[in-house]
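> One structure is given below, represented as structure tokens, and several questions about it will come after.
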Amino acid sequence: MSYCVNCGVELDKTCSVCPLCNTKVYNPNQEIDHISPTPFPTRKGYASPVQKSDITLLISIVLAVTAAVCGLLNIFVFQGSSWSMYVIGGCVLLWIFCLPVFFYRMNAYLSILLDGAGIAMYFGIISWLHPGNGWYRLLALPAIAAATGLILIFAVCVRQAHTSILASSALILGEAALFTVALELLIDRFRQAPPGITWSAIVLTCCAIIDAALITIIRRSRLREEVRRRMHI
């Protein structure tokens, strides 16, 4: 019986190197057995990588079958309402969200625009089923357009300016504050109320305080390095 001189693991009599730390086996009292079968496989197995087309086909089939089955159930079994439109629209939306997985080199900005269009499409389905008082045109569509535009601005800043984590956090908070203000103004417009900010002012204040602290940290090198050291960023 032999033991590795480096890590102490028990070695099989057929081992020429330690299977744990790869240290050469040397035991003058016991020769290495080259005849008996080794307890470990000598050939390495390799699994072929999954092709992008296989992933695309699998996700597309699952979403298409889900949409088709729900549509048929709605037509022939559960006919009380058009509930399947929610599922069909959700499947289409998920397929749009998966486009970057299908096309690895897909332009990031185009992907964001398509995601925004997909969300607008899904809300359009809801609006078609529940027209309401024009909420889709006056509220949902402008809010989606504003959110998509802010996300595009963030993507441009991150990809083109190579902003740090602290700067990206400050930008996210600033955009969140702008979006909440825009959303409240859109709600006031939809309700035909005088424009003004109330609850969004609370979000705006909190984001402004945190942004002021982040900008101070970014501009002061000693503070910046201390935060990076403590947060490992």
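> Residues with amide H under 5 Å of residue 17's amide H, sequence separation 5 or more or different chain, H placed in the peptide plane at 1.01 Å from N; which?
Amide H to amide H, under 5 Å and 5 or more residues apart or across chains, residue 17 pairs with 25.
> Please report the Cα spread of segment 131-197 along all three principal axes, rounded to whole Å, starting with the longest.
Cα extents, longest axis first: 43, 23, 11 Å.
> Per DSSP H run of n ≥ 4, the term is -39500 (n - 2.57); total these for the chain, divide by its residue number, and report the mean residue ellipticity at 222 nm rounded to 500 deg cm²/dmol.
-21000 deg cm²/dmol
> If you stretched the chain out fully between residue 107 and residue 228, how much longer would it get, using 0.36 nm times the residue separation minus the C-alpha to C-alpha distance?
Contour length minus the Cα-Cα distance gives 40.5 nm.
> Oh, and also: Rg (Å, one decimal) plus Dmax (Å, integer) for the alpha carbons of segment 17-115?
27.2, 85
> How high is the relative contact order of the chain, given as a whole-number percent (alpha carbon pairs under 8 Å, six or more residues apart)?
Computed over the chain, the figure is 10 percent.
> Still on this structure, please answer the following. For the chain, with every protein chain kept in place, what is the accessible area per residue (1.4 Å probe, Å²)?
The answer is 69 Å² per residue.
> Shifting gears a bit: Consider the candidate values [x] 95, 66, 29; [y] 46, 42, 34; [z] 43, 40, 30; state which one is Cα extents along the principal axes in Å computed from the structure displayed.
Working out Cα extents along the principal axes in Å from the coordinates points to [x].
> Report residue 121's accessible area, 1.4 Å probe, all protein chains in place, as a number in Å² to the nearest 10.
Counting only protein heavy atoms, residue 121 exposes about 60 Å² to solvent.
> Residue 15: net charge of surrounding residues, Cβ under 15 Å, Lys/Arg +1, Asp/Glu -1, itself excluded?
On the way: positive: 13, 24; negative: 10, 12, 31, 33.
Net charge around residue 15: -2.
> Turning to a different aspect of this structure: Quick one: grab the alpha carbon gyration tensor of segment 48-167, order the square roots of its eigenvalues as a ≥ b ≥ c, and give me rounded if a/c is under 1.5, else prolate or oblate depending on whether a/b is larger than b/c.
Oblate shape, in that a/c is at least 1.5 and b/c is the bigger or equal ratio.
> Accessible surface of residue 123 in the full protein assembly, 1.4 angstrom probe, to the nearest 10 Å²?
Approximately 80 Å² for this residue.
> Going through the DSSP H helices of the chain, which span 30 Å or more along their own axis at the Cα atoms while scoring at least 0.0 as a mean Kyte-Doolittle hydropathy?
Membrane-span-like by this criterion, though nothing is claimed about a membrane: 52-76, 108-129, 165-190, 199-219.
> Going toward the positive end of the dipole of segment 1-148, with +1 on Lys and Arg Cβ and -1 on Asp and Glu Cβ, which of 72, 124, 8 do you reach last?
Positive-end residue among those listed: 124.
> With all protein chains present, calculate the accessible area of residue 187 using a 1.4 Å probe and round the result to the nearest 10 Å².
It works out to around 50 Å².
> With the cut-off at 1.5 for a/c, could you classify segment 98-163 from its C-alpha gyration tensor as rounded, prolate or oblate? Present the calculation step by step, with values, prior to reporting the outcome.
Numbers: a/c = 5.51, a/b = 1.81, b/c = 3.04.
Here segment 98-163 falls in the oblate category.
> Mind listing the long-range amide H neighbours of residue 11? Cut-off is under 5 Å, sequence gap 5 or more, other chains count too, H placed in the peptide plane at 1.01 Å from N.
Result for residue 11 returns 2, 3, 4.
> Still on this structure, please answer the following. With a/c under 1.5 counting as rounded, go ahead and sort segment 99-215 into rounded, prolate or oblate using the C-alpha gyration tensor (a ≥ b ≥ c being the square roots of the eigenvalues; past the cut-off, prolate if a/b is larger than b/c, else oblate).
Values: a/c = 3.52, a/b = 1.11, b/c = 3.17.
Since a/c reaches 1.5 but b/c is at least a/b, the shape of segment 99-215 is classed as oblate.
> If each of residue 94 and residue 191 carries a label point 7 Å out from its Cα toward its Cβ, how far apart are those two points in nm?
3.6
The values are calculated or read from the model by the stated rules, or taken from the named source; none is laboratory data. Note that the coordinates shown come from a computational prediction; the quantities given were computed from them, not determined experimentally. Cβ: placed from backbone, ideal geometry, glycine included. Neighbour counts: every protein chain shown. Ligands, DNA and RNA are excluded from the accessible area calculation, which covers all protein heavy atoms including side chains. Shrake-Rupley method; radii C 1.70, N 1.55, O 1.52, S 1.80 Å.
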